[in-house]
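J.: Okay, here's the structure, questions in a sec.
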Amino acid sequence: MDKFGMHNQTEHTYARYSGTGNSDISKHQWITHQHRDTLAHYVADDSMAMLVSIAEGESVERTKFNMLQRMQQPCGPPPTKTTNE
């Protein structure tokens with residue numbers, strides 16, 4: 001495969017899956033995608049949600065609700081950009 005074909009496949013992957021990242025996203029955006037993907041997996045998989053709920057000492061529904069709340073800003077607010085003047 002030539003380098004242009006590989007480039008097109010890579011661009012297609014970036015466009016299709018938002019969490020794959022590219023060179024234009026910041027570290028905060030990338031880690032936010034990773035945390036959201038992880039939390040979404042835990043909420044969707046009942047056995048993982050049960051494991052987390054046992055560890056936290058909460059009900060499974062409360063644990064899933066807490067995880068959904070954390071998905072809004074899993075790593076806190078984005079950092080403010082500072083300019084050196």
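The values are calculated or read from the model by the stated rules, or taken from the named source; none is laboratory data. Because the structure is predicted, anything quoted here is derived from the model rather than measured. Ideal geometry is used to build each Cβ from the backbone, glycine not excepted, and the neighbour counts take in all protein chains shown. Note: areas computed on protein heavy atoms with side chains; ligands, DNA, RNA excluded. Shrake-Rupley method; radii C 1.70, N 1.55, O 1.52, S 1.80 Å.
J.: Any idea how many residues of segment 44-85 are closer than 18 Å to Q34 by Cβ and open to solvent by 100 Å² or more (accessible area, probe 1.4 Å)?
T.: Count: 3.
J.: Mind counting the residues in segment 32-43 that are touching a residue at least 40 places away in the same chain (Cβ under 8 Å) and open to solvent by 60 Å² or more (accessible area, probe 1.4 Å)?
T.: Total satisfying the criteria: 1.
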